[in-house]
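The structure appears right after this line, and notes come after that.
The values are calculated or read from the model by the stated rules, or taken from the named source; none is laboratory data. Since the structure is predicted, the reported quantities are computational estimates derived from the model, not experimental observations. Because the Cβ atoms are built from the backbone with ideal geometry, glycine has one as well, and the counts that use them run over all protein chains shown. Ligands, DNA and RNA are excluded from the accessible area calculation, which covers all protein heavy atoms including side chains. Shrake-Rupley method; radii C 1.70, N 1.55, O 1.52, S 1.80 Å.
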Amino acid sequence: MSSETDSVQVDPKQLSATSFTASDIARIELVRSAAENARRHRGYAQMVGEDQAQAGDYVRLAKIVLANDSLLKDAVITERARGTSWEILAEALGMSVEEAEEAWGDVEARWRRETPATSVYRKNPGSYAAMADMYIVTGASALAPGRGRPLSASLDAAAHLTGRDVEAADRAFAGTPACTHCSR
């Protein structure tokens, strides 16, 4: 996929919201979650580094940072949106398939029911994809132009611009052979 990002500059803001697949939106949300968690962790590290905490603040603030950590939830949703089975996720999570489905099935179902009216990501995915690109390239989560489009160029919405075979990529991600000769 690196050749896609080198040869074609995709401006996600120019793509219509309906161009983005569930997998695209889940991946955009996952990067934004990672960026937000990084910001929280950086703030926590600064608090520890400056040593201006009161007794118990390290633990109190760590609980807040961890309670707001949506990365695992967004990772599970993204894996499911990309076709990963509950069996593979259960193994990765270190639990049974039944436990994984019980823990995450409702979360995934709620996410799938979101609409542009209930989710800013579904309403304007291109803008959030551009912000995700900015974070990936610079580590900053500001709305300045990025120096590349590592996420945007690999989104299903951009596949027609990059020539990428979306179905083959999704099958490969899910562990299903993309073609008959690959399965031999």
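A few remarks follow.
- Selection count where residues are open to solvent by less than 40 Å² (accessible area, probe 1.4 Å) and either more than 17 Å from the chain's Cα centre (by Cα) or over 17 Å from Ala22 (Cα atoms) (or both), scope the stretch 81-95: 4
- Residue pairs meeting the criteria (Cβ under 6 Å; at least 6 apart or on separate chains; first within 20 Å of Leu72 (Cα to Cα) and of a type in the set (D, E, K, R), in the stretch 38-56; second part of a helix (DSSP H, G or I) and open to solvent by less than 60 Å² (accessible area, probe 1.4 Å)): Arg40/Val65
- Selection status of Asp24, acidic (Asp, Glu), surrounded by 17 or more Cβ atoms within 10 Å (Cβ to Cβ) and at negative phi: yes
- Residue in the stretch 118-134 that is open to solvent by 70 Å² or more (accessible area, probe 1.4 Å), in a helix (DSSP H, G or I) and either without any contact (Cβ under 8 Å) to a residue 40 or more places away in the chain or not β-branched (Val, Ile, Thr) (or both) present: yes
- Scanning the stretch 27-47 for residues that are closer than 13 Å to Ile64 by Cα and open to solvent by less than 30 Å² (accessible area, probe 1.4 Å) yields one hit, Asn37.
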